[in-house]
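*Asks:* One structure, as structure tokens, below. Some questions next.
The values are calculated or read from the model by the stated rules, or taken from the named source; none is laboratory data. From a predicted model like this one, the values you see are computed outputs, not experimental measurements. So basically every Cβ, Gly included, is an ideal-geometry build from the backbone, and we count neighbours across all protein chains shown. When the accessible area is computed, the model is the full protein with side chains, heavy atoms only, and any ligands, DNA or RNA have been set aside. Shrake-Rupley method; radii C 1.70, N 1.55, O 1.52, S 1.80 Å.
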Amino acid sequence: MKKKMLIFIVVLIVLFAALYFVVDYKNKQAVDENDNPYGKSDLHQATIDQLDDPNYQNQILPDELDKKLENGKSLTVYFYDPTCPHCQRTTPILVPLTEELGVDVKKLNVLEFEDAWNKYSIEGTPTLIHFENGKEATRISGGQTEEQLRAFFKENNITE
């Protein structure tokens, strides 16, 4: 009886190890195949799952954002976390709306770039910040409806 139990446990461990290696290989392959916009290979699983989702394109890296702001550019940035339920509800509303309004909204994944939380005083996600001449002009935080987002863009005269 002990021998059968030992064999069962060994087989179970081997199966879990094999499963781990298969999933790890597939994730690395997905990161390589999808023109990874994050500039790093050790992505969180939630980010990997969104690599080819059209709602999560138009990424901006922290260094690129810093450079644009230092140069006094005006731009709108959507700070989000792929694991955030509010972001998961807001993003599918925000992206089509910005396309309709012709607003170029860059996206910054705070799960991958945690320094953004402190650097831009992000208290929660999602947070949408509009910068004018390299300085923060306005922001809106938390889950938003289409009407609230539309009003935010209109009231702040945000167009690209």
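*Asks:* Calculated from DSSP H runs of 4 or more alone, at -39500 (n - 2.57) each and per residue, what is the 222 nm mean residue ellipticity of the chain, nearest 500?
*Replies:* -15500 deg cm²/dmol
*Asks:* Based on the Cα gyration tensor of the chain, what are the three equivalent ellipsoid semi-axes, each the root of five times an eigenvalue, rounded to whole Å and given largest first?
*Replies:* 40, 17, 14
*Asks:* Any idea what log10 I(q)/I(0) is at q = 0.17, 0.23, 0.30, 0.33 Å⁻¹ for the range 101-143, Debye with uniform C-alpha scatterers and no solvent?
*Replies:* -0.50, -0.91, -1.30, -1.35
*Asks:* Oh, and also: Skip the ligands, DNA and RNA, and give the accessible area per residue of the chain with a 1.4 Å probe, whole Å².
*Replies:* So the chain comes to 62 Å² accessible per residue, rounded to a whole number.
*Asks:* May I ask you to derive the FRET efficiency for Arg150 and Gln57 from their Cβ-Cβ distance with R0 = 30 Å, giving the value to the nearest 0.05?
*Replies:* 0.90
*Asks:* Could you look at the range 79-160 and say what percent of its accessible area is carbon and sulfur, using a 1.4 Å probe and all protein chains?
*Replies:* 45 percent
*Asks:* Okay, next question. Out of Leu108, Leu15, Leu51, any idea which swings most in a Gaussian network model of the chain, alpha carbons joined below 10 Å?
*Replies:* Leu15
*Asks:* According to a simple spin-label model (label point 7 Å from Cα along Cα-to-Cβ), what is the distance in nm between Val103 and Asp42?
*Replies:* Going by the 7 Å Cα→Cβ label model, 3.6 nm.
*Asks:* Moving to a separate point now. Can you say what percent of the DSSP beta bridges in the chain, counting only those with both residues inside, are antiparallel? Round to 5.
*Replies:* 65 percent
*Asks:* Additional query: Ignoring ligands and nucleic acids, what accessible area does Glu136 show with a 1.4 Å probe (Å², nearest 10)?
*Replies:* Its accessible surface works out to 90 Å², give or take rounding.
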